[in-house]
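The values are calculated or read from the model by the stated rules, or taken from the named source; none is laboratory data. Values in this document were obtained by computation on a predicted structure and should not be read as measured data. Here the Cβ positions follow ideal geometry from the backbone for every residue, glycine too, while neighbour counts run over all protein chains shown.
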């Protein structure tokens, strides 16, 4: 049976596409939903399927923030006070904590405002404050910033992360955005079809994806099938469509494998410079088949003969004078080529 | 001939009977409507159908049916409430309670169910979460009470049958209107009708004020215990 564990004081980011079971997982942890199998343990105690007073006693040690603010009709202060009110915190203490919390999230002057008058960012800030004011032992966040514009999202991510770290709060942060997962999580868990596809640090997930699904999901868009031709001392040569690629991997000769490389790990150089000495063990030329400039980053597809996508800055694109049909040098390190699993 | 004393008595009785019936209907209908909206149980669909059908009960039919039960030789004849205001309250509760129930159910249905989830995730018990949703549905709940009161204050058939429209005893403003019209006094009849309308106006102004947002000051005072 699969096991998900969150350590005290840790922020676990749960990354996965829509329908992978992220929200259900959070609602199960919050005892809002009863699992059809398995158990939920809180500080080692089995809390699965608790009801009534016992359930409330456990859920009162947690709080959850949803994708939508889901604010109650009334004022900002009224919303933030809610969790304290149901916990029967005395009015005086409640007022103080609400005021402190609101000041802490930069909404000190909006305390008496009606929630209808808030912007999307402010509303979500209130939702976060409403959960944090309780000082929960575990904070559960269900894609809380997914509906916000990019600048607001980044600000809120930073603020929330700082608060979580400062207070050493245990949190589970669900998201479908890899950047957000790496920004928020001390550790990332990738969910696929309700199962754990991979668990680890951001580097591990992004650069050593365990499965093809994880690789694709975290943006490793260059994926090929290959045959291991040679392998010694941890360096393997994998043949992909006739071209030998070097990878740092312990793997048996003759094995069919999948290999992947992130577009950001591919460097482009002028074709006549490709033979110059370099630390990149993979160095060859190919023909540019497609150039897609998107804002500051451009994606260049090179036929090697397999289509290899390189992500470079638009500035480099201009400096290299890259155009369709041109011959270009391609380089990447043996450590950048990831060998994972067997090809099907 | 109708005296001014009879008029005042009818006015007073209308207010007491319909007011009491509305309060009792709210006490039955709001919890029942909430139960139907927030909890699942067997036979819920059937109960809802009955409630919705009862919302359209013809008052005279309810009047006759209730009369047959409470008349002296009826099954509940021994309690002796026939031709008394108590019977009138009873019949009005039968008419108004389904309306309050139906409206309560409908207005809770349109509240975002995730608000209940949000409340529970913040530590609310199931009941507290239901209260949050009821607070969100407040305008609808007050509309339910207005509709219930509207039905009974304007009603004439059922109260005539079970109350008997006895002068200075069980006459209400509506039965008085009927009497005055029959006695060939359409002018006075219209005047009483206008009083009836005026009552509806006052009650609705009062309830609509409840429906609107309470002052900012008050809300803040209530939730945080202080005013900044």
note = In the range A:94-109, anything within 11 Å of chain B (Cβ to nearest Cβ) and touching a helix residue (DSSP H, G or I) at 6+ places or on another chain (Cβ under 8 Å) is listed as A:94, A:95, A:97, A:98, A:99, A:102, A:108
ask   = So how many residues does the range A:25-47 have that are within 14 Å of another protein chain (Cβ to nearest Cβ) and part of a strand (DSSP E or B)?
value = 0
query = Out of the range A:70-85, which residues are more than 7 Å from chain B (Cβ to nearest Cβ) and closer than 13 Å to residue A:101 by Cα?
reply = A:76, A:79, A:80, A:84
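Table: residues versus (1) at pLDDT 90 or above; (2) over 30 Å from residue A:181 (Cα atoms); (3) touching a strand residue (DSSP E or B) at 6+ places or on another chain (Cβ under 9 Å).
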{"residue": "A:227", "(1), (2), (3)": "yes, yes, yes"}
{"residue": "A:240", "(1), (2), (3)": "yes, yes, yes"}
{"residue": "A:250", "(1), (2), (3)": "no, no, yes"}
{"residue": "A:261", "(1), (2), (3)": "yes, no, yes"}
{"residue": "A:268", "(1), (2), (3)": "yes, no, yes"}
{"residue": "A:294", "(1), (2), (3)": "no, no, no"}
{"residue": "A:327", "(1), (2), (3)": "yes, yes, yes"}
Helices (runs of 4 or more DSSP H) contained in the range B:30-141 and holding at least 2 residues away from every other protein chain (no Cβ under 14 Å) and in contact (Cβ under 8 Å) with a residue 60 or more places away in the chain = B:59-70, B:85-109
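Mind telling me which of the residues A:121, A:106 ends up being surrounded by fewer than 16 Cβ atoms within 10 Å (Cβ to Cβ), touching a residue at least 12 places away in the same chain (Cβ under 8 Å) and either in a strand (DSSP E or B) or in the same structural domain as residue A:159 (by TED's automatic domain parsing) (or both)?
Values: A:121 fails: surrounded by fewer than 16 Cβ atoms within 10 Å (Cβ to Cβ).
Result of the check over A:121, A:106: A:106.
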